[in-house]
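Structure first, commentary second.
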Amino acid sequence: MDIIRLKNMVFYGYHGVHESENQIGGKFAVDLELYRPLRRAGRTDNLDDTLNYQSIYETVATFTQTHKYFLIEALAESIAREIIKNYLVEKLIIRVRKPNAPVQGVLDEVEVELTRTRADYA
């Protein structure tokens, strides 16, 4: 299976369990690995035979910027479900990172990673 990757898409959103996170917001980064055959697109050089990166980016932006979730796990799940539902993707891996997570300690960021297939949403 072939892979298209969209790496380090960064958005400003309002996700978190603390009230300040929901009011002030913060940056969130998203990576996607989208699994689907790409041979036909490679042969035809036609956008209709692959995924439209701009459209997928806009889907991720919509969920990250206009929805509010307590957990980045829920944000990742919602994006995964929407992409599998609306694009010809057999499997995806999504990573959502939250820099400056309110943890009492020193760390760069918190990240969740989900792997989903079409069968997960059948």
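The values are calculated or read from the model by the stated rules, or taken from the named source; none is laboratory data. A quick note: this is a predicted structure, and the numbers were derived from the prediction, not measured. Backbone-built Cβ (ideal geometry, glycine too); neighbour counts: all protein chains shown.
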Exercise for review: Need at least 1 residues that are of a type in the set (Ser, Thr, Tyr), modelled with pLDDT of 95 or more and surrounded by 14 or more Cβ atoms within 10 Å (Cβ to Cβ) per element, so show me which helices (runs of 4 or more DSSP H) inside region 1-114 make the cut, counting only ones lying wholly within it.
Suggested key: 53-66, 72-86
Practice item. Tell me, yes or no, whether region 31-39 has at least one residue that is out of contact with any Pro (no Cβ under 6 Å at 6 or more places or on another chain) and without any contact (Cβ under 8 Å) to a residue 24 or more places away in the chain. Key: no
Review point. ALA122: more than 14 Å from the chain's Cα centre (by Cα), at pLDDT below 95, small (Gly, Ala, Ser) and loosely packed, with under 14 Cβ neighbours inside 10 Å, yes or no?
Key: yes
